[in-house]
Every structure is written in structure tokens, then in C-alpha cells.
1. What accessible area per residue, rounded to a whole number of Å², is obtained for the chain using a probe radius of 1.4 Å?
2. Using a Förster radius of 25 Å, what is the FRET efficiency between V72 and Q49 based on their Cβ-Cβ separation? Nearest 0.05, please.
3. With N residues in the chain, what two-decimal value do you get for its Cα radius of gyration over 2.2 N^0.38 Å?
4. When the chain is fully extended, how far beyond the present Cα-Cα distance does M58 get from T247, taking 0.36 nm per residue of separation?
5. Express in nm, to one decimal, how much length is gained between A88 and E38 on full extension, taking 0.36 nm for each residue of separation and deducting their alpha carbon distance.
6. Just to be sure I understand the model, the point goes 7 Å from the Cα along the line to the Cβ. What's the resulting L334 to E233 distance in nm?
7. So how compact is the range 136-183: Cα radius of gyration and Dmax in angstrom?
8. Using r as the Cβ-Cβ distance of K184 and A158, and R0 as 22 Å, what FRET efficiency do you calculate, to the nearest 0.05?
Amino acid sequence: MDITELDELEASVSDLLSMAKVEIEQKRIQEQRNEQIEQIVAQIEERLQPLLAQIEKMLAEFDGEGIQDSSVRQKLEDKAADLRKELAEAPALAAQEADRQMLLHEERLLEERLQDQTNQWRYELKADLLEMINEQQDFYSATDASIAVRSEVNELKAIGALDEVVEALINQINAYSEEGPVAKLRGSHEQTLNFIYQKALTNRSRVERSPDVQPSTKHRKSEKRPSLYGDLEGKVVVFGGHDRLQTAVKNRLRDASVDLVWCTEQGGLQMAGQSENHINNADLVIVVTGYASHSLTEKALEACRRIGRSPEILNTTGMTRVLEAIESGLKAQLLARHWNQS
């Protein structure tokens, strides 16, 4: 096992631990969601039921007095109907509020996972830059390396690595200087880097072909910063869920090459019928039963049965479960295609 394999192993373990944390937290969030719904329903009932009881008591007094044709009585009856409607819709309202907070919590968890991956990538970038500096075997190339370092200043500062990289750059320049240690700290490390950078630009302007020193991606998988789902591609058709879940998932897949066709209950069964046409050439079909109506679920399952497709069934209202299903499903499809081609 060489150093590159160790880097990959370290990165994979780090990401796996981050995924495990998200899964554990997602389970806790789901449990909290159910408790929160009960609490919100209880709060709504605690406030509205006494009001309904007062109105019903007043209506009973109107009955006792034989008052039927009254504008006030009509207003009381209308208000009682409104309160009964609010009480009947309390579970749905509570679920909406709980899901809103659940999505916000899941967003924070995914941001933490992305931050972990980004910091890991930054440490790998630092290693690539240090190797680049160490590989320069003359004064001008060592100085030119400052241009590549300067382009990554913010990434290095984010992990507190700028000073170390700049000092390595100073040492390498001085090692090949015929005039002694010409590179030295001038103010802060960032100010010093800017000074060396200007010298490198001047050196480039004096020759037809400049060194143009750039780091390799020996330690990093890519020059680009990590994206949780940026490497996914394919067509996914989703039935069920709700509009907020749809928006949250689409936002997380914005950097991916995923054609996402989504039909929620709010979109109506007509939209579901249109989405059926997409199943034929879909790489993955998902039915989210956590919020799908019976008619929508049956419509989706029947469409899959007609063409012999097996959809992924998810009993969830959370974003991370849907994203995990899309990620694992598309990667499995990609692996299968590679096996078939080979």
C-alpha cells in the first residue's frame, strides 16, 4: 500500500463516519418529528377546543331562547365550523411544521458532512502544494510556484496551513538562490506570498516560456472542491413526498447531472399521469410513501408493473433517505453498466 492508497483509505473512512453520523441523526430527527407533531396538535387543541366549547354553549343558549333567525347566531355557527375545520386539520398542519423543521435540521447535517469532506480535500491540497514546491529544482521555478499557492490562499487559510506552505516556499527559493537567502518574511505570511507572487509575475514577463508550475492531484481525487452528489448522473422519477421535500432534494442535486422528474400529491394525479411516461427510460423509480396518497401510490405502482419495473419504496418524510436512495440506486446502475460493457 503506497501513500496515495493511504490517502484514499483515510478519506473514505472519514466520509463513511460522516455518513454514519447523518444516518444516526436522521433516525433521531424522525423520532423527534413524531413527538413534535403530537406536541403541536396538543397545543392547537388546547387553544381551540375551549373556544369551540364557549361558542357551542352560547348556541345552546340561543336554542333555549328560541332565537333562530339571527345574524349573530349565524356568525357563531360559521365560527364554530371554522374551529372544527382547524381542529380536524391540526395533524396535517402539525406535520407540515414538523417537516419544515426536520428539513432545516437535515440541511445542517448535510452541510456538516460537506464541510468534513471539504476540509479533507483542503489537507490533500496542502499535501499536493508542498510536493509541488519540493519538486522545483531551480530558483525561478521555485519562485513561480508562488502563483499556484496564491490561488489557493483561502483554502489554506481555512485549515490554518498557509504559514507552513509559505515557509516551505521560502526555503525552496532560498535553497536555489545564488545570492543567499533572498526570500524572507515581509510582514505576515500572506503579505510575503504576495511579494513573491509579484516577483514571479515579473519573471514570467521577461521570458517567452515561463515555468507555469502547477500542483498535481496525487493526494486529491479532483482539482474541484467536493460536492456531496456532484458525481451522480442519470434519470430519476419520484412519486410522493411533498413540495418542500422536492425543492430540498432538487437543491442538493443542483451540481449533479441528474434529470429529476417528481410528482407530489400537491401536483395532482394529472401530473402523475404525465410522469408515467418518463418511467420507461428512467434509471431509477422511487415511490415515497411517507406522504403519497393511496391513489398516487397505486398509480405509480401500476405504471411500474405494466413495464416490469421494480420501484424503490421509501416510507419516509426526510430528505437524507431520499438522497441516499438516489445515490445508491444510480451508482448501482453505473456499476452494472460497467460490468456489462466489460
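1. For the chain, the per-residue accessible area is 58 Å².
2. 0.70
3. Relative to the rule-of-thumb radius for its length, the chain sits at 1.52.
4. 63.4 nm
5. Extra length available between A88 and E38 comes to 16.6 nm.
6. With each label placed 7 Å out from Cα toward Cβ, I get 0.9 nm.
7. 11.2, 35
8. 0.30
The values are calculated or read from the model by the stated rules, or taken from the named source; none is laboratory data. What you see is a predicted model; the values in this text were computed from it and never measured. Please note: Cβ atoms are built from the backbone with ideal geometry, for glycine as well, and neighbour counts cover all protein chains shown. Surface areas here come from the heavy atoms of the whole protein model, side chains and all, with no ligands, DNA or RNA. Shrake-Rupley method; radii C 1.70, N 1.55, O 1.52, S 1.80 Å.
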